[in-house]
1. How big is the charge dipole of the range 44-167 about its Cα centre, in debye rounded to the nearest 20, if each Lys and Arg gets +1 on its Cβ and each Asp and Glu gets -1 on its Cβ?
2. Taking +1 at the Cβ of each Lys and Arg and -1 at the Cβ of each Asp and Glu, which of Phe253, Ala437, Gln125 sits farthest along the dipole of the chain towards its positive end, judged by Cα position relative to the Cα centre?
3. Along the charge dipole of the range 94-231, Cβ charges K/R +1 and D/E -1, which of Pro230, Leu218, Gly153 sits furthest on the positive end?
4. Compute the FRET efficiency between Asn321 and Arg163 as 1/(1 + (r/R0)^6), taking r as their Cβ-Cβ distance and R0 = 41 Å, and round to the nearest 0.05.
5. Given a Förster radius of 35 Å and the C-beta distance between Asn49 and Thr473 as r, what FRET efficiency does 1/(1 + (r/R0)^6) yield to the nearest 0.05?
6. I need the shape label for the range 416-455. Rule: rounded when a/c is under 1.5, else prolate if a/b > b/c, else oblate, with a, b, c from the alpha carbon gyration tensor.
7. What's the center-to-center distance, using Cα atoms, between the range 1-55 and the range 169-211 in Å?
8. Mind running the shape call on the range 1-89? Use the C-alpha gyration tensor, a ≥ b ≥ c as the square roots of the eigenvalues: rounded below 1.5 for a/c, prolate if a/b tops b/c, oblate otherwise.
Amino acid sequence: MSSHTSLIQSLQTALGATHILTEGDLTTYERDWRGLVRGRALAVALPGNVDEVAAVVRACADHGVSIVPQGGNTGLALGSVPDASATQVVLSLRRMNHVRTLDRANLTMTVEAGCILQTLQQTAQEAGFLFPLSLAAKGSCTIGGNLATNAGGTQVVHYGNTRALCLGLEVVTAEGAVWNGLSGLRKDNTGYDLRDLFVGSEGTLGVITAATLRIHPLPKARRVAWAAVPDLDAALKLLDLAHHTLGPGLTGFEVMSQFALTLVDRYFPQLRVPMYRTSPWCVLIEHSDHESEEHARAQLESLLQHALESGAATDAIVAENLAQSDNLWHMRESISMAQAKEGVNVKHDISIPIARIPAFVAETDALLARAIPGVRLVDFGHLGDGNLHYNVQAPEGVDAVAFLQAESKHINQVVFDAVARYDGSISAEHGIGSFKADLLPHYKSPVAMALMRRIKRALDPDNRMNPGRVLTTGSEAAGRRTGQ
Ligand code: FAD
Ligand code: ZN
């Protein structure tokens with residue numbers, strides 16, 4: 001019996017044959033969200049609890065087979081699909097989707113890794129709380145994937161990214177042991193922070209099976225404003241005003257370029273995007289208020305009045321109610337879908353020190369325009385966090401796939417070199433995956449790379465957990481050779 005056949009038998013014994021998929025259409029598990037790659041899995045394992053996850057990890061270790069943890073498979077860094085070798089096991093957490101507890105006193109909920117983000121938002125809301133993590137993929141991404149990528153999204157300016165919302169984890173280690181770190185303690189200084197090591201590790205150090213998450217009291221009112229701003233310097237002025245006027249009530253601050261909104265209007269005209277035709281940039285501001293609807297509205301109106309008087313904005317509206325607020329958010333969140341309809345583009349999820357963003361965009365726009373005449377930039381993002389989605393679309397009429405193949409390397413270099421000159425990061429949100437693993441050593445300090453390789457070797461000495469992601473196998477080997 002071949003080793004692979006014996007592994008599949010072990011997995012079937014541990015999980016039941018119906019939860020080990022080897023035949024039929026496995027596209028959902030093997031192709032990434034954007035459809036850029038199609039791998040082949042040896043098998044897809046669907047464990048139903050932490051002990052079954054540990055059994056899968058141990059069986060794979062015994063047979064020398066590597067594992068690709070997978071949640072909702074919405075990741076944008078090519079980290080959640082197997083390679084083309086048909087020798088890797090996809091470990092899908094989809095069946096582990098129970099909320100274990102909601103602790104009102106501790107303001108936490110403890111949930112399994114396969115819970116869909118939107119379901120967790122609803123669970124919290126039904127109990128009178130807010131789980132603030134939110135991103136456009138919320139209907140299909142899982143909290144395990146959010147934790148593994150330290151996802152950001154639209155509320156980071158106040159609530160922080162997924163790491164800031166996590167108080168504890170349950171993890172299956174690379175050798176198949178279970179670490180239960182779900183105490184939910186807000187203070188625990190007993191040595192190295194293992195939780196923070198696994199958050200953002202993109203499945204390369206272990207499998208997250210559950211988490212204790214912070215929830216917040218539901219604000220009394222949530223209102224959105226939409227403003228036209230003449231340039232990015234004005235947008236920063238508006239951000240400063242918003243921080244000072246709204247204080248901790250500022251829960252969202254998004255910027256959108258005219259071209260990004262042109263695409264939304266082209267593909268979703270029913271949304272009726274305001275102001276974009278006459279303004280190079282628009283800004284969405286969200287205010288969450290713990291007093292009342294009236295107070296929320298008055299605060300936003302006061303902010304916008306100052307903005308219009310000082311020239312930070314040239315036009316502005318405040319949503320009349322929650323439905324209108326949601327509609328404005330919907331426009332912002334439709335940019336991803338609209339650009340996908342226009343054709344694949346070269347995506348970047350960069351961060352830059354906030355004050356330097358206008359200069360970065362001006363310089364990089366000019367460099368790209370010179371290098372690729374007619375190139376179109378889909379700029380938008382979480383300006384309040386210094387995080388831009390600086391996406392590069394083919395010139396009008398040029399085949400998007402051919403453009404991506406021919407130009408993406410060059411474009412990445414232009415953009416990431418500029419990011420480095422401005423002391424930024426080449427990934428603020430989506431992570432490294434296998435997409436940027438080759439690039440990482442060029443943009444991260446050698447000391448940081450060496451420490452990361454040591455951590456990987458300590459926690460996953462046989463390189464079985466999502467190999468080739470974050471750290472390339474080549475750089476692993478190089479690290480070993482040079483003793484780093
Ligand atoms: P997957 O795609 O399944 O996996 C992502 C990575 O995590 C992989 O490396 C995988 O191996 C690992 N992983 C998954 N589950 C586990 C686990 N339980 N244990 C260990 N490792 C695991 N991201 C943002 O940060 N901000 C955004 O605003 C944002 N917007 C998006 C909008 C759209 C339309 C789309 C398609 C994606 C967006 N993303 C965004 C990217 C993506 O949704 C996030 O990275 C999300 O957190 C991935 O969750 P997932 O469950 O789909 O994970
Ligand atoms: Zn984002």
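Every number here is computed from the coordinates shown, using simple stated rules; none is lab data. Source: prediction; values computed, not measured. Cβ: placed from backbone, ideal geometry, glycine included. Neighbour counts: every protein chain shown.
1. The calculation lands at about 220 debye.
2. The Cα lying farthest towards the positive end belongs to Ala437.
3. The one lying farthest along the dipole's positive direction is Leu218.
4. It comes to 0.80.
5. Working: r = 31 Å, r/R0 = 0.90.
Rounded to the nearest 0.05, the efficiency is 0.65.
6. Details: a/c = 1.99, a/b = 1.31, b/c = 1.52.
In terms of gyration-tensor shape, oblate.
7. Spelled out, the Cα-based centre of one part sits 24 Å from the other.
8. On the way: a/c = 1.85, a/b = 1.56, b/c = 1.19.
Prolate shape, in that a/c is at least 1.5 and a/b is the bigger ratio.
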